[in-house]
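Structure record follows, encoded as structure tokens.
The values are calculated or read from the model by the stated rules, or taken from the named source; none is laboratory data. A quick note: this is a predicted structure, and the numbers were derived from the prediction, not measured. Every residue, glycine as well, gets a Cβ built from its backbone with ideal geometry; the counts of neighbours run over all protein chains shown. Surface accessibility is based on the protein's heavy atoms, side chains included, excluding ligands, DNA and RNA. Shrake-Rupley method; radii C 1.70, N 1.55, O 1.52, S 1.80 Å.
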Amino acid sequence: MFLQPIFFVSKHPIEWDECLEVVATYLDGYGIHMHHLTMTTACIELETLIYPSETPDWQAIASMLEQDFMTAMTILIGRPSYELSTWNQQRTVLTLLGSSYQGVISFEQFIVEYVGILTKEQVMDILNPVVEQLTHEEVQTIQAICQANLNLSKAAKRLYIHRNTLNYRLEKLLQITGIDVRTFYGAMALYIVTTLKR
Amino acid sequence: MATMQLKSIYKIYDNGFEAVKDFNIDIEHGEFIVFVGPSGCGKSTTLRMIAGLEDISKGEFFIDERLVNDVQPKDRDIAMVFQSYALYPHMSVYDNMAFGLKLRKVDKAEIDKKVTEAAKMLGLDHLLDRKPKALSGGQRQRVALGRAVVRHPKVFLMDEPLSNLDAKLRGHMRAEIIKLHKNVGATTIYVTHDQTEAMTMADRIVVMKDGIVQQIDTPKDIYDMPENLFVAGFIGSPTMNFIHGKIQNERFVVGNQSFAIPGGKYAPLKKGGYEGKEVTLGIRPEGIGAEPLFLETFAESTFKTTINVAELLGPDYIIHTMLGDASLTAVVPARETMEMGKEITLAIDMNKAHFFDNETELRIR
């Protein structure tokens, strides 16, 4: 079982007990751990099987919370992980986000959209935990998929492996990094990671 | 009900991007104001500043003559309805509507009264026990409105609340919202990119482009007297025709055609020194006609052309043709069959024509 941290940032202080209770009922069926961080930030951890077939509609949840709690709400969807060490990494992301973003943003989307305005140190701080986990083979796999424009059959041909082998590798990559290279933002984020690895 | 004044409001982001520039409006008690404009024009940002969800970078915002720039959203006595009309799936219609009041620790009997009252007004009284998944799209949207109505706010803010509905339902819900506004009477600001919604619902329309207000006026005045080319082209369907030409001897000359300009229309052109200069003529499709009486009335401004496309709408045809290099759309009654390639004579009702300065794009008046 993985834990996926979801961070909530409100523009104004709100009653997080009530807010998280509402979120929890919205996420009926998930195992949830709730934490308050500050007057304007809170986090829940979803017990997940890594990208379940149906993900919660975070946009709708953000919109409902804005209407009921009368404050702007940002939701950062963190990457799932076995251990809680990714917390610090994602809290750094949260700090960097500050008040510059409203709405729902995933960890991968943050990397893609903010990498240009962050210092190299900040980028390394956030991405090092991911970079360090990758083997040479995994870097090659990510690059092949990006070069094949996310076309898995073409990527498998480039790598001289069967498509099923590629799928197996991608599942493994997802478990290691919490990022799905088959999505646009996932591919972009991991591509940035591989360039850092070089 | 409440009055609102926005005085020289700006939204400037950290990177220097100005999303809203010098926005000014005085809104009266119970008015229904519609912000309309293309995507990214700053209408939702302005609404979010009014709600308090976005900070106002510069300028002053008053509700009932009280400066509220730094007042928290929950203390502004406003209610919002957004585009995503998501409801709490695990709660009944009743609980969805009551939730906001429960959060505000409103007395249970009071909640019951308000929810029942709002449900009756919105025709939801027989659906109160249902869960959202057992409702149709229109019913869900009514519940979303009900969630706002129960709070009896001074101000309603609605951000494209109908854009998730299909065209037929949208038409129906437009009428429901107008009816609701008449019943509740709260000052309402409604954001949309749909000019039909703006025209049919608003007491006054605010047309925006690139963060700048282009015109604030009643729907009729926006339609009949657009301030500039953008407003003229944005409001109205089919859109206004624009023809580039020259003012010569009290006539509008385009290619080898020329049209007499009525005295009332020529006076501002003469006064502005446009004689002999290039301008843009704007004429709505219904200002061009093909019926014998129309041709007779406006005999000074007839021209022959060929139909490129004829679209039958039932009572009318929309015909697409050319005048010189300009493509032209006209709405003509479907008494006579119109088809592609047919030669026809059209006339322009020059009394309904507008002239725009080619450089400033402002209407010449």
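Quick look at the values:
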{"quantity": "B:Ala79 being touching a residue at least 60 places away in the same chain (Cβ under 8 Å), open to solvent by less than 60 Å² (accessible area, probe 1.4 Å) and either within 13 Å of chain A (Cβ to nearest Cβ) or assigned to a strand (DSSP E or B) (or both)", "calculated": "yes"}
{"quantity": "Residue match in the stretch A:90-108 (condition: away from chain B (no Cβ under 14 Å), loosely packed, with under 13 Cβ neighbours inside 10 Å and over 30 Å from B:Pro89 (Cβ atoms))", "calculated": "yes"}
{"quantity": "Filter result (among the acidic types (Asp, Glu) and not in a helix (DSSP H, G or I)) within the stretch B:111-148", "calculated": "B:Asp125, B:Asp129"}
{"quantity": "Qualifying residue in the stretch A:157-170 (condition: in the same structural domain as A:Thr74 (by TED's automatic domain parsing) and within 21 Å of A:Thr48 (Cα to Cα))", "calculated": "no"}
{"quantity": "Matching residues in the stretch A:161-180 - criterion: being under 13 Å from A:Ala144 (Cβ atoms), assigned to a helix (DSSP H, G or I) and open to solvent by 10 Å² or more (accessible area, probe 1.4 Å)", "calculated": "A:Arg163, A:Thr165, A:Arg169"}
{"quantity": "Criterion violated by B:Arg151 - all others in (1) within 14 Å of chain A (Cβ to nearest Cβ); (2) of a type in the set (D, E, K, R); (3) assigned to a loop (DSSP other than H, G, I, E, B); (4) surrounded by fewer than 17 Cβ atoms within 10 Å (Cβ to Cβ) satisfied", "calculated": "(4)"}
{"quantity": "Leading residue by the ranking (farthest from the other protein chains (Cβ to nearest Cβ)) among those in the stretch B:65-76 that are in contact with a strand residue (DSSP E or B) (Cβ under 8 Å, 6 or more places away or on another chain) and not hydrophobic (A, V, I, L, M, F, W, C)", "calculated": "B:Glu65"}
{"quantity": "Output for the stretch B:271-312, where each listed residue is open to solvent by less than 10 Å² (accessible area, probe 1.4 Å) and either polar (S, T, N, Q) or over 30 Å from the mean Cα position of the chain (by Cα) (or both)", "calculated": "B:Thr280, B:Ser301, B:Phe303, B:Ile307"}
{"quantity": "Lone unmet requirement of (1) surrounded by 18 or more Cβ atoms within 10 Å (Cβ to Cβ); (2) closer than 30 Å to B:Val20 by Cβ for B:Asp210", "calculated": "(1)"}
{"quantity": "Conditions (1) within 14 Å of chain A (Cβ to nearest Cβ); (2) surrounded by 21 or more Cβ atoms within 10 Å (Cβ to Cβ); (3) hydrophobic (A, V, I, L, M, F, W, C); number of the one not met by B:Phe17", "calculated": "(2)"}
{"quantity": "Yes/no for B:Met49 being open to solvent by less than 10 Å² (accessible area, probe 1.4 Å) and touching a strand residue (DSSP E or B) at 6+ places or on another chain (Cβ under 8 Å)", "calculated": "yes"}
{"quantity": "Residue in the stretch A:18-25 that is part of a loop (DSSP other than H, G, I, E, B), at pLDDT below 90 and open to solvent by 50 Å² or more (accessible area, probe 1.4 Å) present", "calculated": "no"}
{"quantity": "Qualifying residue in the stretch B:313-324 (condition: farther than 27 Å from B:Phe234 by Cα, free of Cβ contacts under 8 Å to residues at least 60 places away in the same chain, part of a strand (DSSP E or B) and open to solvent by less than 20 Å² (accessible area, probe 1.4 Å))", "calculated": "no"}
{"quantity": "Output for the stretch B:325-339, where each listed residue is open to solvent by less than 20 Å² (accessible area, probe 1.4 Å) and over 15 Å from B:Pro285 (Cα atoms)", "calculated": "B:Met338"}
{"quantity": "Residues located in the stretch B:173-210, provided they are out of contact with any helix residue (DSSP H, G or I) (no Cβ under 8 Å at 6 or more places or on another chain) and over 29 Å from B:Val143 (Cβ atoms)", "calculated": "B:Asp210"}
{"quantity": "Output for the stretch A:109-148, where each listed residue is in a helix (DSSP H, G or I), open to solvent by less than 50 Å² (accessible area, probe 1.4 Å) and within 30 Å of B:Asp55 (Cα to Cα)", "calculated": "A:Gln109, A:Phe110, A:Ile111, A:Val112, A:Tyr114, A:Val115, A:Val123, A:Ile126"}
{"quantity": "Any helices (runs of 4 or more DSSP H) falling wholly within the stretch B:169-261 and containing at least 3 residues that are over 24 Å from B:Leu122 (Cβ atoms)", "calculated": "B:219-224, B:229-234"}
{"quantity": "Matching residues, the stretch A:151-160, being in contact with a helix residue (DSSP H, G or I) (Cβ under 6 Å, 6 or more places away or on another chain) and either part of a loop (DSSP other than H, G, I, E, B) or open to solvent by 100 Å² or more (accessible area, probe 1.4 Å) (or both)", "calculated": "A:Arg158, A:Leu159"}
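Results for (1) free of Cβ contacts under 8 Å to residues at least 60 places away in the same chain; (2) part of a strand (DSSP E or B); (3) away from every other protein chain (no Cβ under 14 Å), shown as yes or no for each residue.
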| position | (1), (2), (3) |
| --- | --- |
| B:Gln5 | no, yes, yes |
| B:Lys11 | no, yes, no |
| B:Ile25 | no, yes, yes |
| B:Pro38 | no, no, yes |
| B:Ser44 | no, no, no |
| B:Phe61 | yes, yes, yes |
| B:Gln83 | no, no, no |
| B:Pro89 | yes, no, no |
| B:Asn96 | yes, no, no |
